[in-house]
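A.B. asks: There's a structure below that I have some questions on.
The values are calculated or read from the model by the stated rules, or taken from the named source; none is laboratory data. Just so we're clear, the structure is a prediction, and the values are computed from it rather than from any experiment. Cβ atoms come from the backbone with ideal geometry, glycine included; neighbour counts cover every protein chain shown.
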Amino acid sequence: MFESLDLQTTDGEIAVINLESARRRLWNRFFADPLREGVAETVVEQEQLTAEFVGDVQALDRLEALVGQLVQVEAGSARAALIQAQVASMMHRFADARHFLARADIGGALSADVNRVLLNVDQTCGANLGKVLDERRETARKFGRTEDLVALGALLADLREFTDADRVYGQALEVYCDVSPFPVAWVCFQLGMLWGELVPEPQTARAARWYRTAIDCLPSYTKARVHLAEIYSSSGRAGDAEALLIPAISSGDPEVRWRLADVLTSQKRYAEAEVHMQAAQFGFEALLERHLLAFADHGVEFYAGSGNSWSRALDLARVNVANRPTLRAFEQAHDVAVNAGDMEAASQILAEATMRWGSATFFRSSRLAKSHSEEWEGAAA
């Protein structure tokens, strides 16, 4: 746990205040001189931190504005193309990201910079994973930095190597020697996801401890609050779940409103729940209209849950699979199709998944094929 590692980091609330102050200063510098070396790149990094750890969904809109202005003054440069690729990747516009990376490479960008972004794109899309794994392992062995180990741990988790992922995440915490709470909270959140959602048999108590540690380290961590609130709600701790979610409403993340509506419904506070549910649906639709690919998977979860529209969920699931055909995306789409009673769509999704992942050992043991078989047996009966 965090305390046992004796990590002395900056107070989380102070760190977020400092991040916001630095972000605003950098934007002012960018507006004054968009071509100033390193400023646009650092703005992207700061906005990425704001999106991840504060849950500010408007960060992507601000980055779109940055790219628009940068292209006006530096169109066609390798630097602009690389920044465009980074922003496109954040928005899950992976085809665009690959296009911009090719332009950056032709334009003379450093191969290491191009390869760093390309590795992230490949990993997120489930492409060239053997090559990505080799490079992640080599980088972790060579440098042993927290960020290198986190990237390796996330890939191992995607490959169903859960024990190895847990070990690597532990190493990421052990080697950390800075004072920023953001990387520590990030690793703890990943460990919560690992044990709460990715392993075949979730260990919710273990996951809750990691989410709690992430929040203790960084109270503004909206995603960690949402995931811990889900665990509390499912275990009958509605009051604790509500207390976690209320401070996160200001982030603008519609999932906060959604989960809070569910918690209030469980307490039979239906009028309050309806207000939050309407706000959640409005928020999801606004995000999907502006950044469809970035929020398609979140939209699937909402509409397959309290959003109560299996057809909308399936449409979004197909969009998500087409954009990044990972095993997890196929599983999500298949689950939605089965629960929607659309066996034709479920069979098609399974066929597509088998074509892409069928030769991989971890696919043959995945819950996708198992759940499909069980559903078909149930239908036949």
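A.B. asks: Could you list all residues from the stretch 11-46 that are over 23 Å from residue 216 (Cβ atoms) and not in a helix (DSSP H, G or I)?
C.D. replies: Across the stretch 11-46, the qualifying residues are 33, 34, 35, 36, 37, 38.
A.B. asks: Quick one: in the stretch 294-322, of everything that is surrounded by fewer than 20 Cβ atoms within 10 Å (Cβ to Cβ) and among the polar types (S, T, N, Q), which residue is nearest to residue 198 (Cα to Cα)?
C.D. replies: That would be 306.
A.B. asks: When you look at residue 301, is it under 17 Å from residue 224 (Cα atoms), in the same structural domain as residue 332 (by TED's automatic domain parsing) and among the acidic types (Asp, Glu), yes or no?
C.D. replies: Values: under 17 Å from residue 224 (Cα atoms): yes; in the same structural domain as residue 332 (by TED's automatic domain parsing): yes; among the acidic types (Asp, Glu): yes.
Judged against the criteria, residue 301 is a match.
A.B. asks: Select, from 102, 80, 88, 65, the only residue that is surrounded by fewer than 14 Cβ atoms within 10 Å (Cβ to Cβ), part of a helix (DSSP H, G or I) and under 27 Å from the mean Cα position of the chain (by Cα).
C.D. replies: Values: 102 fails: surrounded by fewer than 14 Cβ atoms within 10 Å (Cβ to Cβ); 80 fails: surrounded by fewer than 14 Cβ atoms within 10 Å (Cβ to Cβ); 88 fails: surrounded by fewer than 14 Cβ atoms within 10 Å (Cβ to Cβ).
Exactly one residue qualifies, and that residue is 65.
A.B. asks: Which one is farthest from residue 236 (Cα to Cα) among residues in the stretch 177-218 that are in a helix (DSSP H, G or I) and of a type in the set (Ser, Thr, Tyr)?
C.D. replies: Initially, the stretch 177-218 is screened for residues in a helix (DSSP H, G or I), giving 181-198, 204-217.
Subset that is of a type in the set (Ser, Thr, Tyr): 204, 211, 213.
On the way: 204: 13, 211: 18, 213: 21 Å.
Checked the stretch 177-218; the qualifying residue farthest from residue 236 (Cα to Cα) is 213.
A.B. asks: Let me ask you something else. Has the stretch 9-19 got any residue that is in contact (Cβ under 8 Å) with a residue 40 or more places away in the chain and among the polar types (S, T, N, Q)?
C.D. replies: Yes, there is a match, as at least one residue in the stretch 9-19 is in contact (Cβ under 8 Å) with a residue 40 or more places away in the chain and among the polar types (S, T, N, Q).
A.B. asks: Now for a separate question. Does the stretch 138-150 contain at least one residue that is surrounded by fewer than 20 Cβ atoms within 10 Å (Cβ to Cβ), of a type outside the set (S, T, N, Q), in a helix (DSSP H, G or I) and within 16 Å of the chain's Cα centre (by Cα)?
C.D. replies: Initial filter on the stretch 138-150 (surrounded by fewer than 20 Cβ atoms within 10 Å (Cβ to Cβ)): 138-139, 141-145, 147.
Those still in the list that are of a type outside the set (S, T, N, Q) too: 138, 141-145, 147.
Filter once more, so that each one left must be in a helix (DSSP H, G or I): 138, 141-143, 147.
Pick out the ones that are also within 16 Å of the chain's Cα centre (by Cα) and you get 147.
Scanning the stretch 138-150 turns up at least one residue that is surrounded by fewer than 20 Cβ atoms within 10 Å (Cβ to Cβ), of a type outside the set (S, T, N, Q), in a helix (DSSP H, G or I) and within 16 Å of the chain's Cα centre (by Cα).
A.B. asks: Further question: Can you list residue pairs whose Cβ atoms sit under 8 Å apart, with the first residue in the stretch 312-337 being within 14 Å of residue 124 (Cβ to Cβ) and the second being among the aromatic types (Phe, Trp, Tyr)? Count only pairs 6 or more apart in sequence or on different chains.
C.D. replies: 321/330; 323/94; 324/94; 327/357; 327/362; 327/363
A.B. asks: Assigned by TED's automatic domain parsing to the domain that holds residue 259 and in contact (Cβ under 8 Å) with a residue 12 or more places away in the chain: does that describe residue 245?
C.D. replies: Values: assigned by TED's automatic domain parsing to the domain that holds residue 259: yes; in contact (Cβ under 8 Å) with a residue 12 or more places away in the chain: yes.
So residue 245 passes the test.
A.B. asks: Search the stretch 47-62 for residues being assigned to a helix (DSSP H, G or I) and among the polar types (S, T, N, Q), and hand back the single one that is nearest to residue 181 (Cα to Cα). Steps first, answer last, please.
C.D. replies: Let us first name the residues in the stretch 47-62 that are assigned to a helix (DSSP H, G or I), namely 47-53, 59-62.
Narrowing the set further to residues that are among the polar types (S, T, N, Q) leaves 48, 50.
Numbers: 48: 15, 50: 13 Å.
My answer is 50.
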